[in-house]
Each structure stands twice: as structure tokens, then as C-alpha cells.
1. Quick one: LYS229 ticks every box in (1) in the same structural domain as ALA95 (by TED's automatic domain parsing); (2) in a loop (DSSP other than H, G, I, E, B) except a single one, so which number is it?
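The values are calculated or read from the model by the stated rules, or taken from the named source; none is laboratory data. Note that the structure is predicted; figures quoted are calculated from it, not measured.
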Amino acid sequence: MKRIHIVKVSGILVILCFFCSVFITSCSDKDKPEPLEEDKAKSKEQLLEDFAQMKELVAEKDRLMTELLHTTQYITELFTALEQVKITESGDQKADILAKIKQLSLSLEESKSNLKKSTKRLNSLHNQNSELSNQVGTLEKLITDMQDQIGSKESEISALKQETQQLQNDRDSYKSTAENEALEKNRIENEKNTFYYIIEKTNDLETKGIIEEEGTGFLGIGGTYVPSKNLNEQDFIRVDIRSTRSLPIPDKFQIISSHNPKLLEKNSGNNSMSITDPIRFWTSKFLIIIDKR
């Protein structure tokens with residue numbers, strides 16, 4: 001079936017090329033016409049008017065021939081794409097071919113409209129010369145043959161347009177879903193790696209309700225500080241443990257939360273400490289440190 005379509009289109013292209021050569025030859029012959037007795041009798045104004053009309057006619061025929069070549073090309077590419085889409089299994093490739101078919105269909109519709117306008121214009125310009133009438137008739141026959149071929153594929157093209165639109169909708173929906181999933185995954189990953197810390201004096205931590213004293217020591221003095229049950233993230237400094245490898249911890253400190261101080265190592269030259277094993281160190285969301293200086 002594909003070979004038949006290509007043969008049909010190729011046949012029209014051959015006829016079109018032959019017609020172009022004949023037309024060019026005929027135009028060349030007409031460039032040097034033998035003066036007739038009746039032409040000699042025409043006025044200068046009439047001769048100029050005839051020349052202008054002939055010039056406009058030749059230009060219109062050139063435009064029509066160019067549009068015919070474009071139309072033939074669109075038909076050939078369209079039929080080829082129609083055969084390709086039937087044997088393509090890849091969803092992405094199929095969508096690309098269907099998008100091409102949609103664009104070719106639009107170009108073909110525009111070309112058909114231009115052919116119709118150009119033919120109408122040509123008919124309005126040509127005189128009663130039998131040779132010119134025959135040329136116009138041949139052009140109209142070529143246009144009719146092309147339109148018949150297009151008409152034979154209209155239902156198939158219409159169905160493919162709907163399929164193209166559906167595929168595009170599916171791709172847009174998939175893209176939107178994938179983007180939302182990526183955003184949600186990124187949000188979860190960020191939340192998973194977001195922790196909080198605070199380093200302040202005992203009184204400040206008690207005032208903010210971050211720590212509270214539990215139990216009592218000897219003679220009711222010296223209870224144990226523990227994290228409060230209701231901690232507010234806004235009172236802490238937020239950190240991403242994927243990129244945070246050290247904290248501004250002073251030389252004298254006490255960790256009130258469950259984090260292991262043995263996994264901290266003092267940095268030389270400044271009041272900070274490195275976290276030697278972040279995965280093991282960040283055992284809870286809130287790191288609470290009392291500045292004992």
C-alpha cells in the first residue's frame with residue numbers, strides 16, 4: 001500500500017515537472033512573438049496594457065507552480081508519515097510522528113487554499129487563447145488529482161489528529177505527575193535531613209522552655225536537666241545534616257539531648273567541633289547544648 005501511494009505521488013510529480021518544462025519553453029517562445037498585423041495596429045497604450053497583463057499572468061503561473069511543488073511535497077511526506085506511524089511501537093517516537101502529521105496536515109490545508117486562490121486568479125487573467133486555456137486546464141486537473149488523494153486520507157488523518165491530541169494530553173499528564181512526584185520526593189528528602197540545634201546558657205534555655213529540671217540532688221539541689229516535652233522549631237537553628245559537618249560548640253558544654261558527645265571532635269583554631277559520624281550522631285531532631293563557659 002505504501003508503494004502504491006508513493007508511485008501515485010511520484011507520478012503526479014513527474015507530470016508536474018514535465019508540465020513545468022513545457023510551460024517554461026512556451027513562455028520562452030512567447031518572449032519573442034512574431035509581430036502580427038493586428039498588433040501593429042494597436043496603440044502604444046494598448047500594447048503596454050497587454051504586456052502588463054501577460055507579465056502578471058506569467059508571475060501568477062510561477063506562483064501556482066511553486067505552490068504545486070509544495071503541495072506535492074506535503075502529500076509525499078504525509079503519506080510516508082502515515083505508513084511510519086502504523087509500524088512504530090515506541091510511544092515517544094509515535095507521538096513525534098503524529099505531531100509531524102498534524103503539522104503537515106495544517107501545511108497541506110494552507111497549500112490547498114493557496115492553490116485555489118492562485119487558480120482563481122489565473123483564470124481571471126488569461127485571455128481566450130486556446131493554448132493558454134489548455135495550460136490552465138492542466139493545472140486544474142493536477143490540483144483536482146491532489147485533492148482526491150488528500151480526500152482519500154481525510155478520515156485517517158482526522159483519527160490520527162485525535163490520537164495525537166490524546167497522546168499529548170497523556171504526556172502532559174504524565175509530566176505533571178512526574179514533576180509533582182519529584183517535588184514530593186525532594187520535600188520528603190529535605191525533611192528527612194533537616195535537624196535543629198541550640199547552644200545557650202542554662203538560664204536562657206530554661207526561660208525559653210527548651211529544658212526543664214527533673215528530680216533533685218543532695219539536699220534538694222542539683223536536679224537533672226532534660227529536654228522539655230513541647231519543643232518549638234522556631235527556637236532552634238535549622239541545619240541540613242547532608243552539608244553540615246561542624247557546629248559552633250564551645251570547649252565547655254553539656255549535651256542535654258540524646259546525641260553522643262563522643263562523636264564530636266574539637267577543631268583547632270576556633271570554637272567549633274566536627275561531627276565525626278553524622279548518621280550515628282543525629283539520633284533525634286533537636287540537639288540541645290548548654291554553654292558551660
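1. Unmet for LYS229, out of (1) in the same structural domain as ALA95 (by TED's automatic domain parsing); (2) in a loop (DSSP other than H, G, I, E, B): (1).
Listed here are the residues, each with its yes/no results for (1) small (Gly, Ala, Ser); (2) under 36 Å from the mean Cα position of the chain (by Cα); (3) at pLDDT below 75; (4) not assigned by TED's automatic domain parsing to the domain that holds PRO278.
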{"residue": "THR138", "(1), (2), (3), (4)": "no, no, yes, yes"}
{"residue": "LYS141", "(1), (2), (3), (4)": "no, no, yes, yes"}
{"residue": "ALA159", "(1), (2), (3), (4)": "yes, yes, yes, yes"}
{"residue": "GLN165", "(1), (2), (3), (4)": "no, yes, yes, yes"}
{"residue": "ASP172", "(1), (2), (3), (4)": "no, yes, no, yes"}
{"residue": "ASP204", "(1), (2), (3), (4)": "no, no, no, no"}
{"residue": "LYS208", "(1), (2), (3), (4)": "no, no, no, no"}
